[in-house]
Amino acid sequence: MIANDATHMTAVYRMVEYKMYYLSTRNNKLRIRTMDAIKQGISQEGGLFVPETIPKLANRDFLEMADMDYRSRAFKVLSPFLTDYNPGDLKKIIDAAYGKDNFDCPDIAPVIKLDNNLFIQELWHGPTYAFKDMALQILPHLMTYAVSNTDEDKEIVILVATSGDTGKAALEGFRDVNGTQIIVFYPDEGVSTIQKLQMVTQQGENVHVAAVKGNFDDTQTGVKAIFTDDSYNKLLEERGKRFSSANSINWGRLVPQIVYYVSAYTDLLKNNDLAPGEKFNVVVPTGNFGNILAAYYAKNMGVPIDKLICASNRNNILTDFIKTGIYDTRRDFYKTISPSMDILISSNLERLLFELCGRQDRQIRMWMRELNETGRYKLDEESLNMLQSILWGGSADEEQTLKAIWDTYRQYKYIIDPHTAVGKWVYDEYREETGDTQKTILVSTASPFKFPGDVLKAIKDMEYIQGKDDFQVLEALASASGMKIPPGLMDLKYKPILHQTTLDAGNMRQVISNFLELDG
C-alpha cells in the first residue's frame, strides 16, 4: 500500500512539473505554449498547431471516469493538454462552458443505445443544436483567459469561415465577450435556411456576419489567405488588433472535441456495454476532418477505438483519398442536404498527415504546396498504408441519405438529421463490406430540427411539407416525431434580420476593414 501511494505521489508530481508545448505542421522546430497556440489560432507560415506529445490515459483512468460527470471527465482529459492553465481556473472554465444553462441535457453528450452493436452519441444539446457547441462553448473562455494571462494588449479578432454550424456556435460563444470581435463568413446559398437565420439574426455588439458568393472552399480559402497576409496583419497590429480563429484549425477548438469520445467510451463502460479495453469502432460524418481527427487523438490517448469510419456525402473527396491516397480537388462541387459537409478542402487533414509522415514538416510543406499549385497531391505508399490501417471511408448520396433517415426511424423509432444519416448509411455499408460486427458509436452532429424539411421528406413524403413555410415545417416535424421543437429555433421566426452583407470572395479584406473601421 505504501509503495502504491509513493508511486501515485510521484505520478502527481510529474504531472505538476509537466508542460505541454505545441509545434507547427509546417515548422516542427517551433515550440510554443498552449495559450499562445490558442491565441494565434494558426501558425505564421500557415501550419496548424499540434501537441508535442500525446498524453496517455490508462485503464484505471477510464474506470475512474466512468463514475464522473461530463465536466469532471473534461478536466481529466484537458488538463495535460492545457498545462498553462491554472487547474482551479480550468475547472471554473469547464463548469461555465458545460453548465445547465448552456446544455439542455445533464449528460451533455448522452449515448443512446439503438441495439446491441450500435450506439448514437448526441452532440447537439447545446445552445445552437449542433456538435460545434461542444467546443465553442469553452473556446471563448480559453481564449480570454489566454489573453489576460499573457500580457496581451491587443483586441482579438476571431475570423471564421463556416459551412453552416460553426458560424452560429462561434457567434453565440463570443457574443459580447470583452476584448474580442468576431467576423463570420458563410457561403451564400450554401447553408440551410435555419442555419442562415441563426447567423443573420445574431445579436451582440461585437459580432459581424457576411455571406460570400461561392461555396465553402471559396470562403475558407479566403479566410486562410487573410491569416497569412503579412501586410494586413501588420496593419491590424498597428490598430491594436490581432487575428485568431474559432474554426477547428485552432487547437483550442479541436481539443475539447477529444473529450466526448473519451466520455462515450466511459459511458459504455459504466453501462456494461463494453468491457475494459474492448475495442469498438467510431463513425463520424465529417467534411473539414476536425471531428474525426479528435477521435484519432482520443484513440492515441488510449481509448480502444479500432476503426475510424469516415463518412462523406456526395462531396466524397475524403472517401476517394482514403481509398487511393490521392487528394484531388479538381472535381465537381455539389450542394447537398447535408451542407455542413459540402467541403473539398479538409483543413484538419493536415494534422493527420503530419503524424503519418513522421512529423516531417518538409513533407507537409511539399504536399500543401502541390495542393495550392495543382489542386492535388499523392501520398507515398508507406503513408497510405498507415492511413488505411486507421481509417475506412465511405459516402452517401442524397437518396441514400434520405433512406438512412427512414430506415433508422422505421427500425428504431429514432430520428436523425441528414449529416448523421450520412454516417448511418456508411456504417451499414462498412458492415456489409467488411463483415465487422464490433460495437460502434455513431456521432450525431445536429438536431433533426435544424433540417426539418429533409427529415420530414424522409419519414413522410414531399406532400407532407408542400405549401408550408420553414416554421410550419418545424411544427409538422414535432407533430410527426413527438419531439419538442428547440425553443431557440422556433424563436427565429420573430427575430429581425441584423446582418445583410453579401460579397465576392475577393473582397473579404475590404469587408473586414469596414467591420473593424480600419479605414476610418
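The values are calculated or read from the model by the stated rules, or taken from the named source; none is laboratory data. None of these values were measured; they are calculated from a predicted model. Neighbour counts are summed over all protein chains in view; Cβ atoms, including those assigned to glycine, are modelled from backbone coordinates with ideal geometry.
Exactly one of these conditions fails for residue 122: (1) on the phi < 0 side of the Ramachandran plot; (2) touching a residue at least 12 places away in the same chain (Cβ under 8 Å); (3) out of contact with any Pro (no Cβ under 6 Å at 6 or more places or on another chain). Give me its number.
(3)
Could you tell me whether region 332-348 includes any residue that is touching a residue at least 12 places away in the same chain (Cβ under 8 Å), surrounded by fewer than 16 Cβ atoms within 10 Å (Cβ to Cβ), on the phi < 0 side of the Ramachandran plot and not in a helix (DSSP H, G or I)?
Yes, some residue in region 332-348 is touching a residue at least 12 places away in the same chain (Cβ under 8 Å), surrounded by fewer than 16 Cβ atoms within 10 Å (Cβ to Cβ), on the phi < 0 side of the Ramachandran plot and not in a helix (DSSP H, G or I).
Counting only residues that are in contact (Cβ under 8 Å) with a residue 60 or more places away in the chain and part of a loop (DSSP other than H, G, I, E, B), which one in region 500-520 is farthest from residue 187 (Cα to Cα)?
The residue in question is 518.
Residues to consider are 485, 441, 497; find the one that is part of a loop (DSSP other than H, G, I, E, B) and closer than 26 Å to residue 285 by Cβ.
That would be 485, the only listed residue that is part of a loop (DSSP other than H, G, I, E, B) and closer than 26 Å to residue 285 by Cβ.
Here is a list: 290, 277. Which entry is at negative phi and either among the small types (Gly, Ala, Ser) or under 11 Å from the mean Cα position of the chain (by Cα) (or both)?
Of the residues listed, the single one that is at negative phi and either among the small types (Gly, Ala, Ser) or under 11 Å from the mean Cα position of the chain (by Cα) (or both) is 290.
Which residue, of 459, 441, is out of contact with any Gly (no Cβ under 6 Å at 6 or more places or on another chain), hydrophobic (A, V, I, L, M, F, W, C), farther than 19 Å from residue 121 by Cα and surrounded by 15 or more Cβ atoms within 10 Å (Cβ to Cβ)?
459
Could you pull out every one of the helices (runs of 4 or more DSSP H) wholly within region 23-80 that has 3 or more residues that are over 20 Å from the mean Cα position of the chain (by Cα), buried (at least 23 other Cβ atoms within 10 Å of the Cβ) and at pLDDT 95 or above?
none
Need at least 2 residues that are touching a Gly at 6+ places or on another chain (Cβ under 9 Å) and crowded, with 23+ Cβ neighbours inside 10 Å per element, so show me which strands (runs of 3 or more DSSP E) inside region 88-202 make the cut, counting only ones lying wholly within it.
Because the criterion is at least 2 residues that are touching a Gly at 6+ places or on another chain (Cβ under 9 Å) and crowded, with 23+ Cβ neighbours inside 10 Å, the strands (runs of 3 or more DSSP E) in region 88-202 that meet it are 155-161, 180-187.
For region 408-433, which positions are charged (D, E, K, R), assigned to a helix (DSSP H, G or I) and surrounded by fewer than 24 Cβ atoms within 10 Å (Cβ to Cβ)?
Of everything in region 408-433, those that are charged (D, E, K, R), assigned to a helix (DSSP H, G or I) and surrounded by fewer than 24 Cβ atoms within 10 Å (Cβ to Cβ) turn out to be 410, 428, 429, 431, 432, 433.
Conditions tested, residue by residue: (1) touching an Asp or Glu at 6+ places or on another chain (Cβ under 8 Å); (2) modelled with pLDDT of 95 or more.
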{"position": "86", "(1), (2)": "no, yes"}
{"position": "118", "(1), (2)": "no, yes"}
{"position": "127", "(1), (2)": "yes, no"}
{"position": "153", "(1), (2)": "no, no"}
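Exactly one of (1) outside any helix (DSSP H, G or I); (2) surrounded by fewer than 18 Cβ atoms within 10 Å (Cβ to Cβ) is unmet by residue 399. Its number?
All conditions are met except number (1).
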